[in-house]
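Step one of this worksheet: look at the structure below.
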Amino acid sequence: MHAYYDKSGNPITFFEALELKKDPTYFRVRETTLEDGKWISTVWLGLDHSFNGQKPLIFETMVFKDKGLEVLDSKQYTTLEEAEQGHEKVVLKYTAMFHMEQSLKKDIKN
């Protein structure tokens with residue numbers, strides 16, 4: 001099993017991964033800032049994070065409270081397609097949660 005992969009899932013060297021990491025358009029898959037300030041970022045990791053010999057996990061979506069360091073959630077993926085779809089699912093989840101919270105707050109006030 002290899003340690004580093006490009007966005008297409010092809011094995012690459014550590015040095016090739018370092019070069020690719022320098023390009024933010026390659027590194028960043030998607031990012032979304034929600035109405036409540038939560039920041040959702042999906043990136044190519046390059047380094048396999050599976051740690052178990054299964055399919056390499058080379059993409060990650062993280063949900064931050066804001067653009068700071070407090071992580072609320074994270075998901076990892078094997079393919080670019082999974083990462084893009086996963087990002088959208090996480091955006092929908094946290095958007096729905098925000099709207100539910102807002103609705104409950106209105107109900108409590110009334």
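Bear in mind that the values in this text are calculations on the coordinates, not laboratory data. Bear in mind that the values here come from a model prediction, so they are computed numbers and not experimental data. Note: ideal-geometry Cβ built from the backbone for every residue, glycine included; neighbour counts use all protein chains shown.
Can you tell me the FRET efficiency between residue 105 and residue 30 if r is taken as the Cβ-Cβ distance and R0 is 41 Å, rounded to the nearest 0.05?
On the way: r = 29 Å, r/R0 = 0.71.
The pair residue 105/residue 30 has a calculated efficiency of 0.90.
The count of lysine pairs in the range 34-110 whose Cα atoms are under 14 Å apart, excluding pairs fewer than 8 places apart on the same chain, comes to 5. Only DSSP H runs of four or more residues enter the estimate; each adds -39500 (n - 2.57), and after division by the residues of the chain the mean residue ellipticity at 222 nm equals -12500 deg cm²/dmol. Each residue of the range 24-34 was assigned a 3J(HN,Hα) from its phi angle through the Karplus expression (A = 6.51, B = -1.76, C = 1.60, θ = phi - 60°), giving x, 6, 7, 5, 7, 8, 8, 8, 9, 10, 7 Hz with x at Gly and Pro.
Bridgeable lysines around residue 21 (alpha carbons under 18 Å apart, same-chain partners fewer than 8 residues away excluded): 7. Given their separation in residues at 0.36 nm each and the Cα-Cα distance between them, residue 18 and residue 92 gain 23.4 nm when the chain is fully extended.
Let me have the relative contact order for the range 1-95, percent, based on Cα pairs under 8 Å that are six or more residues apart. Relative contact order for the range 1-95 comes out at 24 percent. In this Cβ point-charge picture (+1 for Lys and Arg, -1 for Asp and Glu), the chain has a dipole of about 320 debye about its Cα centre.
For percent of Cα pairs over 21 Å apart, the candidate list reads [x] 43; [y] 60; [z] 55; the entry that matches the value derived from this model is [x].
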